[in-house]
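J.: Got a structure for you, questions after.
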There are 2 protein chains.
Amino acid sequence: MKLIEAKQQFISSWGAFGTHWGINRTMAQIHALLLVSADPLTQDDMMEQLNISRGNTNMNIRELINWGLVERILLSGERKEYFTAEKDIWKVVRQIVKERKKRELEPMLQLLDKLENVEGDKRDKHVKTFVDTVSSIKKLGKQADKTLDMMIKAEESWFVGTMMKFFK
Amino acid sequence: MKLIEAKQQFISSWGAFGTHWGINRTMAQIHALLLVSADPLTQDDMMEQLNISRGNTNMNIRELINWGLVERILLSGERKEYFTAEKDIWKVVRQIVKERKKRELEPMLQLLDKLENVEGDKRDKHVKTFVDTVSSIKKLGKQADKTLDMMIKAEESWFVGTMMKFFK
DNA sequence: CTATGTTTTCAATAAATTTTGAAATTTCGA
DNA sequence: TCGAAATTTCAAAATTTATTGAAAACATAG
């Protein structure tokens, strides 16, 4: 397979993959394109390679910057802005985990804390089922929170190496 | 907070949560409703409690059954079908992980295997960047695959207990 | 300061996804 | 076997989400 074709397959699959994880196709595709590009790209480069409009490109680049996955680069002597993606995949994963944890897991845990204190007699099976379900989700969520915190702080080599042995 | 109100908040948040993870709102809400219901429910119960149509209810119940999260129950002497959700959250998580791994991670790893063998000279920086990116994603993906396999096989008590110590 | 190239915004439009509801099919008691 | 109850299907409608493109805002060289 030729490079250009391989790139296209990668970009297209990464886009489809993203849509299963609540990320829009274009955002995932821009990210993929930057991941496999040796040099920084301009908005116009992306528009051309992905066949998307200027507005779409611009909005999704900014969103990727918000997620901490893409960086704006100013080349001296150049009027245009250039962009690159973090290429260290372990860093990318940690960054995504960090953001999603903050945006989703933490608010959910807060809500569960509140819901656990519902009024009513726990001997009533309806109350009991509710409280038991909420409590067990909370317990698992808290554990996930801790585990992810550790993962965010860990170095890849440490993480992979230790997990390897651990789960041999 | 009253039970009925708490249930509603739980269902509504679970639905919103689901949409961030590529799961449609109704499917997540039906799952949530069943999780906090003490007794099995019929389609009509769900239609009424969630204010959704018969067709929508039916399709999403079937999808939940495909995911292995909901079970059909036949009560003797009853014409209607009843449904319950697996209440053991650890089992639920393992089931979801198992399915998503099969549907998403495994196909992605297959693709990366193929893309890694792109034609061209690796001294060309464009080829090198592509191959390096694909390889490092593949490496991390394979590690995730193993880790998740182990998690799928593990008992919750073992998992949480060991992780607790591990990440103390 | 001005002219020109570049980026950003956002209302309108398009596309994708979800939901409905009525008809078709299936199930099962009598 | 028949017929009422229950389930399933799926084309059409509604809703949500993504994308466009032109106008406005901004930035910089001259």
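J.: Before we move on, is residue B:2 free of Cβ contacts under 8 Å to residues at least 60 places away in the same chain, out of contact with any His (no Cβ under 6 Å at 6 or more places or on another chain), within 22 Å of residue B:149 (Cβ to Cβ) and surrounded by fewer than 18 Cβ atoms within 10 Å (Cβ to Cβ)?
T.: No: the conditions fail for residue B:2.
J.: What number of residues within the stretch B:110-134 satisfy the criterion of being touching a Leu at 6+ places or on another chain (Cβ under 9 Å) and farther than 12 Å from residue A:10 by Cβ?
T.: Of the residues in that region, 5 qualify.
J.: Let me ask something else about it. When you look at residue A:97, is it within 16 Å of DNA strand C (Cβ to nearest atom) and either more than 9 Å from chain B (Cβ to nearest Cβ) or surrounded by fewer than 12 Cβ atoms within 10 Å (Cβ to Cβ) (or both), yes or no?
T.: No, not satisfied.
J.: Could you run through the stretch A:120-168 and say how many residues are assigned to a loop (DSSP other than H, G, I, E, B), modelled with pLDDT of 80 or more and more than 7 Å from chain B (Cβ to nearest Cβ)?
T.: Result for the stretch A:120-168: 5.
J.: Mind listing whichever residues of the stretch A:24-60 are of a type in the set (Val, Ile, Thr) and surrounded by fewer than 22 Cβ atoms within 10 Å (Cβ to Cβ)?
T.: A:26, A:42, A:52, A:57
J.: Continuing with this model, one more query. Out of B:87, B:80, report the one residue that is more than 30 Å from residue A:15 (Cβ to Cβ) and within 12 Å of DNA strand C (Cβ to nearest atom).
T.: Every option except B:80 fails the conditions.
J.: Also: Of all residues in the stretch A:17-47, count the ones that are closer than 24 Å to residue B:131 by Cα and away from DNA strand D (no atom under 12 Å from the Cβ).
T.: Adding up the residues that qualify gives 14.
J.: For residue A:107, work out the one condition from (1) closer than 30 Å to residue B:34 by Cα; (2) in contact with a Leu (Cβ under 8 Å, 6 or more places away or on another chain); (3) within 11 Å of chain B (Cβ to nearest Cβ) it doesn't fulfil.
T.: Result: residue A:107 fails condition (2) only.
J.: Same structure again: State whether the residues of the stretch A:29-38 include one that is more than 13 Å from chain B (Cβ to nearest Cβ), more than 18 Å from residue B:136 (Cβ to Cβ) and free of Cβ contacts under 8 Å to residues at least 24 places away in the same chain.
T.: Yes, that holds for at least one residue.
J.: If residue A:76 satisfies every condition in (1) more than 9 Å from chain B (Cβ to nearest Cβ); (2) at pLDDT below 95; (3) under 22 Å from the mean Cα position of the chain (by Cα) but one, which is the exception?
T.: The one condition residue A:76 does not meet is (3).
J.: Also, I was wondering about something else. From (1) free of Cβ contacts under 8 Å to residues at least 24 places away in the same chain; (2) within 10 Å of chain B (Cβ to nearest Cβ); (3) of a type in the set (Lys, Arg), pick out the condition that doesn't hold for residue A:25.
T.: The failed condition is (2).
J.: For the condition within 25 Å of residue A:24 (Cβ to Cβ) and part of a helix (DSSP H, G or I), what is the one hit in B:16, B:6?
T.: Among B:16, B:6, only B:16 is within 25 Å of residue A:24 (Cβ to Cβ) and part of a helix (DSSP H, G or I).
J.: I'd like to know if the stretch A:24-41 contains one or more residues that are in contact with a Phe, Trp or Tyr (Cβ under 7 Å, 6 or more places away or on another chain) and over 26 Å from residue B:100 (Cβ atoms).
T.: Checked against the condition, which is being in contact with a Phe, Trp or Tyr (Cβ under 7 Å, 6 or more places away or on another chain) and over 26 Å from residue B:100 (Cβ atoms), the stretch A:24-41 yields at least one hit.
J.: For the list (1) at pLDDT below 95; (2) part of a helix (DSSP H, G or I), I need the number of the one condition that residue A:23 fails.
T.: (2)
J.: Considering only residues that are over 18 Å from residue A:87 (Cβ atoms), over 14 Å from the mean Cα position of the chain (by Cα) and not aliphatic (A, V, I, L, M), which ones fall in the stretch A:14-48?
T.: Once the filter is applied, which keeps residues that are over 18 Å from residue A:87 (Cβ atoms), over 14 Å from the mean Cα position of the chain (by Cα) and not aliphatic (A, V, I, L, M), the stretch A:14-48 yields A:26, A:42, A:43, A:44, A:48.
J.: Determine whether the stretch B:69-90 contains at least one residue that is surrounded by 15 or more Cβ atoms within 10 Å (Cβ to Cβ) and on the phi > 0 side of the Ramachandran plot.
T.: Among the residues of the stretch B:69-90, not one is surrounded by 15 or more Cβ atoms within 10 Å (Cβ to Cβ) and on the phi > 0 side of the Ramachandran plot, which makes the answer no.
J.: List pairs: first residue in the stretch A:120-142 and under 17 Å from residue A:107 (Cβ atoms), second residue among the charged types (D, E, K, R) anywhere in the structure, Cβ distance under 6 angstrom, at least six positions apart or on different chains.
T.: A:134/A:116
J.: Further question on the same structure: If you scan the stretch B:49-104, which residues turn out to be among the polar types (S, T, N, Q), more than 9 Å from DNA strand D (Cβ to nearest atom) and not in a helix (DSSP H, G or I)?
T.: Those that are among the polar types (S, T, N, Q), more than 9 Å from DNA strand D (Cβ to nearest atom) and not in a helix (DSSP H, G or I): B:51, B:76, B:84.
The values are calculated or read from the model by the stated rules, or taken from the named source; none is laboratory data. Computed from a predicted model, the values in this text were never measured in an experiment. Methodologically, a virtual Cβ is constructed for each residue, glycine included, from the backbone with ideal geometry; neighbour enumeration extends over all protein chains shown.
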